[in-house]
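Heads up: the structure comes next, in structure tokens.
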Amino acid sequence: MSKKVNKVAFYLPNLGGGGAERSMLNLIREFVKHGFIVDLVLANATGPYLNQVPSEVNIINLRSSHVSKSLPKLTKYLRENKPDVLISSLDHANIVAIIAKLLSFRRTKIIVRVDSTLSQELKNLSTLKGKLIPLLMKVFYRYVDFIVAVSEGVKEDLISFLKIPKDKVKAIYNPVISSDIFEKAKEPVDHPWFTSGEYPIIIGVGRLNREKDFQTLIKAFSFIRKEVDARLVILGEGEERKNLENLAKELGISEYLLMPGFVNNPYKYMSKSSVFVLSSIYEGLPTVLIEALSLGIPVVSTDCPSGPREILENGKYGKLVPVHNEIALARAIIEVLKNKSKINFDFDFLKKYKSEFVKKCYLELIQDEER
């Protein structure tokens with residue numbers, strides 16, 4: 001008779017304000033609702049999402065300055081707490097989780113999530129540590145029970161790059177859509193651009209890093225301003241902030257750009273915007289693009305690997321433009337702004353991104369007894 005799964009542990013570096021952390025939180029909420037004992041094991045219990053963890057969840061703070069330094073403590077946790085399943089996310093944390101499982105000599109089932117397109121990420125890695133991680137993935141990912149790829153594109157890329165058996169990799173979309181999104185979207189935004197309704201608002205959301213390519217969005221916006229008296233809002237924080245601010249100044253559009261940093265509730269801004277724009281160079285499965293669609297906002301996205309074409313079903317549900325092409329991006333946004341029509345589609349196609357549906361997919365992996 002198979003052993004019933006009662007206790008599930010989730011392992012992350014921290015609760016920073018990214019899509020991976022947000023998705024794991026949504027999944028954790030669903031597991032709590034299902035009646036599991038849930039531990040959230042963090043290399044360091046920091047980050048803006050920490051106060052959003054359900055009260056029923058046991059937060060285990062390993063108090064480690066780096067993910068790699070959490071290995072001995074995570075190994076000890078697995079030996080002493082004996083979770084039935086360990087679910088990990090983010091490549092460097094996944095490697096530590098796998099090694100900890102091996103060192104613990106426990107029969108804990110291990111599932112790791114991969115949320116980026118590895119072949120694209122490698123092109124943008126410059127540090128020795130960054131280049132070492134894919135090599136470690138090739139060595140250690142063979143020891144997991146399952147690898148969850150957050151899109152079909154990520155799955156195919158992963159199988160091709162790591163030469164992993166196809167039956168070990170499962171494509172399960174992120175649990176993006178939950179009821180709280182729609183409640184948070186109703187909250188007011190205390191800024192005149194949003195309260196007056198005078199200007200069409202273009203919005204982008206994400207970490208201010210090179211991969212999100214907000215530079216191209218800002219360049220596109222400078223073209224848009226010649227035809228439409230619009231405003232641009234970019235939510236998020238990161239190392240590219242100064243460069244983006246300098247670019248806006250050079251283009252003479254600073255007064256029409258709002259960059260408030262990381263916000264706890266991006267949905268209230270998104271729901272009151274005219275168009276959502278994803279300008280990324282590459283993605284795994286852009287969570288925020290799905291959230292924008294669920295809120296009924298018209299979207300324009302780069303056709304980057306991977307995720308946007310898959311989500312938008314080859315452009316059926318939003319406009320796709322080439323990467324790094326500010327002219328094409330500007331033209332697509334202008335077309336949406338001048339059309340001024342609300343998107344009209346059957347929201348059933350978003351079912352696969354709902355938290356309840358995604359939880360069932362994970363339960364199937366957890367309850368798989370052939371591993």
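Every number here is computed from the coordinates shown, using simple stated rules; none is lab data. Predicted model, so just to flag it, every value in this text is computed and none were measured. Glycine gets a Cβ as well: all are built from the backbone with ideal geometry, and neighbour counts include every protein chain shown.
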From the phi of every residue in the range 219-226, what ³J(HN,Hα) in whole Hz does the Karplus formula 6.51 cos²θ - 1.76 cosθ + 1.60 yield, where θ is phi - 60° and glycine or proline is x?
-> 5, 4, 4, 5, 6, 4, 4, 6
Note on the range 285-360: the mean projected area of its alpha-carbon convex hull, in nm², is 5.2 nm²
Which value, in debye to the nearest 20, gives the size of the charge dipole of the range 146-189 about its Cα centre, when Lys and Arg are +1 and Asp and Glu are -1 at the Cβ?
-> 220 debye
Would you mind putting 5-14, 178-187, 318-327 in packing order, based on average other-beta-carbon counts within 10 Å, highest first?
-> 5-14, 318-327, 178-187
Throw me the Rg/Rh for the chain, computed over C-alpha atoms with Kirkwood Rh, two decimals.
-> 0.98
Sorted peptide list for 296-302, 253-259, 188-194, criterion being average Cβ within 10 angstrom, highest first | 296-302, 253-259, 188-194
Compute the distance in nm between two label points, each set 7 Å from the Cα along the Cα-to-Cβ direction, one at D368 and one at S55.
-> 3.7 nm
Tabulate in residue order the Karplus-calculated ³J(HN,Hα) for the range 196-201, using 6.51 cos²θ - 1.76 cosθ + 1.60 with θ = phi - 60°, rounded to whole Hz; enter x for Gly and Pro.
-> 7, x, 6, 10, x, 10
Quick one: P(r) of the range 158-310 from all Cα-Cα pairs, 10 Å bins, percents rounded to integers, in order of increasing distance.
-> 10, 38, 34, 13, 5, 1
Can you tell me the Rg and Dmax of the range 241-371, counting just the alpha carbons, in angstroms?
-> 17.4, 61
So between K166 and T195, what do we pick up on full extension, going 0.36 nm a residue minus the alpha carbon distance?
-> 5.4 nm
Roughly how tilted is helix 326-339, in degrees to the nearest 10 and between 0 and 90, from the longest Cα axis of the chain?
-> 70 degrees
Determine the alpha carbon to alpha carbon distance for each of K7/K101; K170/K352; K219/K249; K4/K155; K109/K168; K186/K268 and list only those over 18 Å.
-> K4/K155
Taking amide H positions as placed 1.01 Å from N in the peptide plane, with prolines and chain starts having none, which residues 5 or more places from L235, or on another chain, fall under 5 Å of its amide H?
-> G204, V205, G206
Over all pairs of distinct alpha carbons, what does the Kirkwood formula give as the hydrodynamic radius of the range 38-157, in Å?
-> 15.3 Å
Identify the residues of the range 48-66 with backbone N under 16 Å of a label point that sits 7 angstrom from the Cα of H34 along the Cα-to-Cβ direction, or state none.
-> 57
When you have a sec, figure out the Kirkwood radius of the range 1-59 from all distinct Cα pair distances and drop it here in Å to one decimal?
-> 11.8 Å
Diffing the range 30-41: the Karplus 3J(HN,Hα) column from phi (6.51, -1.76, 1.60, θ = phi - 60°), in whole Hz with x for Gly and Pro, holds 5, 5, 5, 4, 6, x, 6, 7, 10, 10, 10, 9
D229 paired with K7, simple spin-label distance in nm, labels 7 Å along Cα-to-beta-carbon | 6.4 nm
Could you give the dipole magnitude of the range 131-240 about its Cα centre, charging the beta-carbon of Lys and Arg +1 and that of Asp and Glu -1, in debye to the nearest 20?
-> 660 debye
Could you point to the residue in S306, H92, F262 farthest towards the positive end of the chain's charge dipole, with +1 and -1 charges on the Cβ of Lys/Arg and Asp/Glu respectively?
-> H92
Hey, could you get me the Stokes-Einstein D for the range 257-317, Kirkwood radius over alpha-carbon pairs, 20 °C and 1.002 mPa s, rounded to whole µm² s⁻¹?
-> 176 µm²/s
Can you check how the C-alpha radius of gyration of the range 127-201 compares to 2.2 N^0.38 Å, as a plain ratio?
-> 1.83
Along the charge dipole of the range 2-74, which of N26, I37, P72 sits closest to the positive end, that is, farthest toward it, with unit charges on the beta carbon of Lys, Arg, Asp and Glu (+1, +1, -1, -1)?
-> P72
Could you state the angle between the C-alpha long axis of helix 152-162 and the longest principal axis of the C-alpha atoms of the chain, as a value from 0 to 90 degrees rounded to the nearest 10?
-> 50 degrees
When the convex hull of the C-alpha atoms of the range 215-284 is computed, what volume per residue in Å³ does it have?
-> 109 Å³
Amide hydrogen neighbours beyond the local backbone of Y199, cut-off 5 Å, H modeled = none
Built amide H within the under 5 Å cut-off of L90, gap 5+ = R113, D115
Please get the size of the charge dipole for the range 61-189, origin at its Cα centre, with Cβ charges of +1 on Lys and Arg and -1 on Asp and Glu, quoted in debye to the nearest 20.
-> 740 debye
